[in-house]
């Protein structure tokens with residue numbers, strides 16, 4: 001008899017799950033997501049900023065041979081240069097320059113409930129300039145306070161062209177696009193965040209970019225110093241959110257698991273306990289939520305963001321279940337259980 005009741009309760013649970021799924025799919029309505037208008041504004045701002053960079057690169061004859069005439073092609077760099085830090089996947093880089101990522105950042109910040117008085121730390125390498133532009137467009141649309149930390153080195157197809165680094169893009173957008181944020185800390189990036197591992201001429205290329213953009217370089221003596229510097233900045237600004245863009249060594253640290261950290265928003269995620277864990281883990285340990293951008297292909301698949309830049313309407317909408325339909329299904333399920341129990345007693 002007990003075995004029969006266990007089976008009955010299991011089937012009841014399965015039926016309840018199925019009914020909830022049915023009500024969500026067939027008896028729900030699509031409505032604009034919270035802050036959907038701000039999401040659209042952020043995506044439009046990101047797209048406009050990318051076009052500013054596009055025109056500048058066209059004027060300077062810097063369009064990469066890898067662009068092949070697709071949307072936001074100017075946000076791509078070359079496969080290799082003296083500033084290249086690591087190899088990167090071209091397909092992922094094409095997805096990363098989709099300005100709808102700005103809408104996704106607005107959506108996540110809305111979910112966290114941050115307001116314009118809360119400060120956000122953005123730690124970006126030059127590897128994903130499109131994501132950096134989209135992120136800053138989202139934050140400016142929300143009128144968010146920002147502390148920006150930048151490492152100039154970039155992986156393949158990122159902002160790795162010596163004549164158009166991520167610092168150049170920041171400066172261009174400040175002058176022509178109204179970007180309000182400037183980097184508080186600038187480093188070489190690459191190994192140990194101090195330029196070790198660059199090809200010949202890599203540091204010199206970054207030094208030239210620093211000079212023409214009137215930016216100062218901070219040179220850490222070791223990886224540990226680079227990590228602690230970022231943790232100290234986060235603490236001093238009392239940030240409420242960390243956004244990491246790319247695989248800067250100081251942000252990831254030497255933990256073997258750091259590069260596999262899931263992308264997207266994390267209020268709480270298990271981080272590495274390695275002694276040389278990076279700034280992401282150490283800052284998150286203090287209770288600060290994180291947004292992480294590194295494995296962009298998976299992120300694009302999850303949220304319907306592609307390299308075609310076709311507008312994904314689902315990104316700006318939310319499905320609202322029909323409460324009456326759900327209540328009806330659950331009431332019918334409860335009635336069925338009651339009848340089965342009565343029959344069991346007979």
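Every number here is computed from the coordinates shown, using simple stated rules; none is lab data. Remember, it's a predicted structure, so these values are computed and weren't measured experimentally. FYI the Cβ positions are ideal-geometry reconstructions off the backbone, even for glycines, and counts take in every protein chain you see.
Here are a few things to note about the model shown:
- Among 149, 175, the ranking by other beta carbons within 10 Å of each residue's beta carbon, starting with the fewest, stands as 175, 149.
- Estimated translational diffusion coefficient (Stokes-Einstein, Kirkwood radius over Cα pairs, 25 °C, 0.890 mPa s) of the stretch 36-316: 134 µm² per second.
- Footprinting exposure proxy ranking of 302, 57, 94, 40, fewest other C-beta atoms within 10 angstrom first, gives 302, 40, 57, 94.
- Fraction of beta bridges assigned by DSSP in the stretch 36-316 that are antiparallel (%, nearest 5): 25
- Residue-normalised convex hull volume from the C-alpha trace of the stretch 217-286: 94 Å³ per residue.
- When Rg and the Kirkwood radius Rh are both evaluated on Cα atoms of the stretch 98-207, their ratio Rg/Rh stands at 1.00.
- The percentage of C-alpha pairs in the stretch 80-129 whose separation is greater than 13 Å is 71%.
- Our note on the geometry: Cα centres of the stretch 248-280 and the stretch 139-173, 22 Å apart.
- Full extension of the chain segment joining residue 308 with residue 176 gains 44.9 nm, where the gain is 0.36 nm per residue of separation less the Cα-Cα distance.
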